[in-house]
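The values are calculated or read from the model by the stated rules, or taken from the named source; none is laboratory data. None of these values were measured; they are calculated from a predicted model. Please note: Cβ atoms are built from the backbone with ideal geometry, for glycine as well, and neighbour counts cover all protein chains shown.
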Amino acid sequence: MTAVVQTDTKRPMSQRALRFAPIVLALALTACQSHYHRVGSGPSGIGSESVRQYYFLWGLVDLNEVDSQRFTDNAVSYDIVSEFGFADFVYSLLLGPLTVVSRTITVYR
């Protein structure tokens, strides 16, 4: 009498799917987002300045203080753009295990 051994071929695939599901979910839910603030009539084309702001505990605690007024050089018309772009996404991948995320603040004068 011979015993027939059935192998479960679906199990390894489901284990692989479970391993990659968090990665796929993280990539699907990650999007570039921007917030625009216009002061006065907007920028006059004098220049721009960017700085990166870091947060701890996924955005609950500021690690550095960014004062956008400091970048305006006393201009009365300017734009402030706060965005989570591709570079911030890469930094988040690298610093994510430490619960650190970043945003880019740009002031257009």
Count - residues of segment 79-109 that are polar (S, T, N, Q) and assigned to a helix (DSSP H, G or I): 1
Count - residues of segment 79-91 that are out of contact with any His (no Cβ under 8 Å at 6 or more places or on another chain) and touching a residue at least 40 places away in the same chain (Cβ under 8 Å): 4
Selection status of Val76, surrounded by fewer than 16 Cβ atoms within 10 Å (Cβ to Cβ) and either of a type in the set (S, T, N, Q) or over 27 Å from Ile23 (Cβ atoms) (or both): yes
Candidates Val107, Val76, Val100, Val81, filtered to the one that is of a type in the set (A, V, I, L, M, F, W, C), at pLDDT 85 or above and over 21 Å from the mean Cα position of the chain (by Cα): Val76
Segment 46-65: number of residues that are surrounded by fewer than 16 Cβ atoms within 10 Å (Cβ to Cβ) and within 20 Å of Val101 (Cα to Cα): 13
Residues being among the charged types (D, E, K, R), assigned to a strand (DSSP E or B) and touching a residue at least 12 places away in the same chain (Cβ under 8 Å) - total across segment 28-78: 3
